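Visitor: Shown below is the structure under consideration.
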Amino acid sequence: MEEIHKKSVTCMLILIWVSMGLYVEIAGPTMIDLRMRFDADSESVARSISALGVGVFVGALLGGLLIDTLGTWKILLVTAAQVLVTVVIVSMPFVGSLGALWVMFFALGTSAGVVNVSGQRIILEMWKENAPTPMHATHMGFGIGALTAPLIANPFLAKLAFNDETSLTAINGTSTNSSSGFVVIEESRVHLAYVTIGVISALLSLPVFIYPIMKCCRLKGNNNYDSFDEDKSTKPTKSFRNFLRSIDPRTYASGSGFGIFIFVIIILYFVNLVGGEHLFGNFIRTYSVDQLHFPRNEASYLDTIYWGSFTMGRLLGSLLAHCIHIRTLFAFDAVMYLLSVSLFNVFSANNDSKAVLWAFTAIIGLLVAPLFPAGISYTNTQIEVGGVILTLVVFATGCGQLLYIWIEGVLYQDYGPQTTLYSMQTSSILVFIIAILFICFTYKRGDRFSDFRQSLVNNATKEMDVNTGETGYTQLDKSSAESQ
């Protein structure tokens with residue numbers, strides 16, 4: 001029964017990640033329409049969208065402060081975040097200024113931050129050393145949502161043609177955007193795209209709206225209630241001393257400086273990975289229209305190709321995690337991501353064609369996708385990825401979104417669409433260097449789960465009294481237990 005419950009909660013979280021993919025990535029396919037709706041340039045619209053990253057900071061902080069105090073009711077944080085998403089995304093198309101749009105994206109980022117911290121902590125507590133596969137599967141949901149977002153948005157987007165197609169300029173009722181070089185032959189209805197996304201997100205969230213009610217009824221009717229989605233050996237604590245221990249990097253490495261190294265690596269890795277990932281997802285449609293004059297349908301399908309291959313990449317990662325050690329999988333992912341982006345830049349420099357963009361959009365999506373869950377899973381083999389660590393990860397995620405999208409918005413406006421590829425190259429190089437450094441410095445340390453199991457075997461051999469239950473994985477667990 002416990003296994004069924006674990007799988008049920010995991011399936012609910014996959015649906016939530018699908019919802020997150022929808023509302024986080026709707027900005028990319030609609031960026032040109034938002035540009036026209038607010039009569040603004042790429043830099044101004046990108047600045048509003050970058051508020052997602054700022055909101056993620058706040059969401060991560062809220063989630064990190066609350067996640068380890070709620071015990072088996074962590075799911076309530078996910079429920080509250082999804083309620084906020086439903087209200088905001090439906091209201092978003094009716095705002096009247098870029099400032100108000102910034103606030104809306106900030107609220108979406110806050111929800112994404114809370115969901116990220118809460119959902120991943122639930123997965124890690126339930127599955128422990130078996131977390132890599134369900135972690136990849138959960139993050140695959142984001143790809144499904146991001147894949148679907150452009151398909152939902154496409155019927156509501158403005159139909160564009162380009163000024164060099166002189167025959168179109170004579171069409172009655174068209175309007176010309178001379179600064180962008182295109183003619184609008186069918187007006188945008190982007191507000192309907194956002195309302196549709198909001199409704200679908202609410203439907204996907206129904207299980208987490210209902211589940212806490214069912215769980216409460218089960219708790220009242222069962223004196224032997226088994227909180228399967230919580231590490232039963234770790235009780236929530238409100239001790240200020242324990243809080244200080246949880247934010248001290250040395251706690252995660254028996255007092256050594258290794259914990260500080262992990263904290264720095266986590267920040268640098270996820271800033272550059274997520275920054276590049278979301279930069280490509282948000283700018284690829286705009287790049288294809290401005291640089292290669294893609295028509296509306298073709299540009300939207302480019303988004304679909306990227307997020308479709310992204311989803312396949314996470315599905316493939318989930319399958320490979322069953323049979324390949326997470327360290328090997330992590331290193332392979334980093335190498336292939338760097339290789340794909342480098343080849344994209346080489347071929348684009350010599351052949352600025354649509355075929356090259358189509359091919360490498362699919363390849364990059366496939367290879368960048370497993371890097372996020374692989375990074376979380378590998379980190380979890382070195383230290384316990386609890387609420388504080390997940391908060392740090394989501395902080396880095398928000399920082400990456402904010403920096404990369406905002407900076408690329410400025411570069412795009414001043415130096416042109418080609419800067420998108422240069423920014424991606426920067427991301428891939430930094431991710432590769434950081435991942436390899438992480439693996440090299442931790443190679444001899446092994447795996448904390450294997451080390452713990454081996455210590456139990458050694459203690460049993462010496463006929464020592466072992467009374468650890470399911471804990472003992474980290475120094476953090478030990479210090480928490482001693483304070484109870």
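Visitor: Order of 93-104, 397-408, 417-428, 337-348 by packing, highest average Cβ count within 10 Å first?
Guide: Values: 93-104: 15.4, 397-408: 24.1, 417-428: 20.1, 337-348: 18.2.
Ranked from most to least packed, the peptides come out as 397-408, 417-428, 337-348, 93-104.
Visitor: Also, quick follow-up: Could you give the length gained by full extension between Val346 and Leu76, i.e. 0.36 nm per residue of separation minus their alpha carbon distance, to one decimal place? If you can, show how the numbers build up before the last one.
Guide: Details: separation 270, 0.36 × 270 = 97.20 nm, distance 4.79 nm.
92.4 nm is the gain from fully extending Val346 to Leu76.
Visitor: Once both labels are modelled 7 Å past Cα along the beta-carbon direction, what's the Asp414-Leu98 spacing in nm?
Guide: Going from the Asp414 label point to the Leu98 one covers 1.6 nm.
Visitor: On to the next question. For the stretch 37-76, what is the convex hull (Cα atoms) projected area averaged across all directions, in square nanometres? Walk me through the intermediate numbers first.
Guide: On the way: hull surface 15.4 nm².
Quarter of the Cα hull surface area: 3.9 nm².
Visitor: Once you have the Cα-Cα distance between Val199 and Ser353, take 0.36 nm times their residue separation minus that, and quote the gain in nm to one decimal. If you can, show how the numbers build up before the last one.
Guide: On the way: separation 154, 0.36 × 154 = 55.44 nm, distance 3.76 nm.
Once the chain is fully extended between Val199 and Ser353, it gains 51.7 nm.
Visitor: Taking a ≥ b ≥ c as the square roots of the Cα gyration tensor eigenvalues, with a/c under 1.5 meaning rounded and otherwise prolate when a/b beats b/c, else oblate, which class fits the stretch 285-328?
Guide: Working: a/c = 7.35, a/b = 3.37, b/c = 2.18.
Since a/c reaches 1.5 and a/b is larger than b/c, the shape of the stretch 285-328 is classed as prolate.
Visitor: Can you give me the three principal axis dimensions of the stretch 303-415 from its C-alpha atoms, in Å, biggest first?
Guide: So the extents along the principal axes, rounded to whole Å, are 46, 33, 22.
Visitor: Convert 20 °C to kelvin, take the viscosity as 1.002 mPa s, use the Kirkwood radius over C-alpha pairs of the stretch 1-148 as Rh, and evaluate the Stokes-Einstein diffusion coefficient in µm²/s, rounded to a whole number. Numbers along the way, then the final one.
Guide: Working: Rh = 16.0 Å.
Once the numbers are plugged in, D ends up at 134 µm²/s.
Visitor: Picking from Gly317, Asn272, Val368, whose Cα lies most toward the positive end of the charge dipole for the stretch 263-386 (charges on Cβ: Lys, Arg +1; Asp, Glu -1)?
Guide: Of Gly317, Asn272, Val368, it is Gly317.
Visitor: May I ask you to give the average projected area over all directions of the convex hull of the Cα atoms of the stretch 29-115, in nm² rounded to one decimal? Walk me through the numbers on the way to the answer.
Guide: Details: hull surface 22.2 nm².
Average of the hull's projected areas for the stretch 29-115 equals 5.5 nm².
Visitor: How high is the relative contact order of the stretch 15-137, in percent, counting Cα pairs under 8 Å that sit 6 or more residues apart? Could you put the intermediate results ahead of the total?
Guide: Numbers: 127 pairs, mean separation 42.8, N = 123.
Normalised by residue count, the contact order of the stretch 15-137 is 35 percent.
Visitor: Using packing as a proxy for protection, rank 319-325, 34-40, 134-140, 148-154 so that the peptide with the highest average count of other Cβ atoms within 10 Å comes first. Provide the component values of the computation, followed by the final result.
Guide: On the way: 319-325: 14.1, 34-40: 17.1, 134-140: 26.0, 148-154: 22.3.
Packing proxy ranking, top to bottom: 134-140, 148-154, 34-40, 319-325.
Visitor: With a Förster radius of 60 Å, plug the Cβ-Cβ distance of Tyr422 and Glu3 into 1/(1 + (r/R0)^6) and report the FRET value to the nearest 0.05. Before the final figure, lay out each step's value.
Guide: Numbers: r = 48 Å, r/R0 = 0.80.
Step by step, r from the Cβ atoms, then E = 0.80.
Visitor: Over the stretch 94-160, how many percent of alpha carbon pairs lie in each 10 Å bin up to the one with the longest distance?
Guide: Computed distribution, short to long bins: 17, 30, 32, 16, 6, 0.
Visitor: Only four residue types carry charge here, +1 at the Cβ of Lys and Arg and -1 at the Cβ of Asp and Glu. Report the dipole size of the stretch 322-449 about the Cα centre in Debye, rounded to the nearest 20. Spell out each step's value before the answer.
Guide: Details: 5 positive and 6 negative charges, 77 e Å.
Roughly 360 debye, rounded to the nearest 20.
Visitor: Give the calculated FRET efficiency between Lys444 and Leu319 to the nearest 0.05, with a Förster radius of 25 Å applied to their Cβ-Cβ distance. Mind dumping the intermediate values first?
Guide: Working: r = 29 Å, r/R0 = 1.15.
E between Lys444 and Leu319, to the nearest 0.05, is 0.30.
Read-outs throughout are calculated quantities, based only on the coordinates presented, and are distinct from any laboratory measurement. Nothing here was measured: the structure is a model prediction, and the numbers come from that model. All Cβ positions, glycine included, derive from the backbone under ideal geometry; neighbour counts span all protein chains shown.
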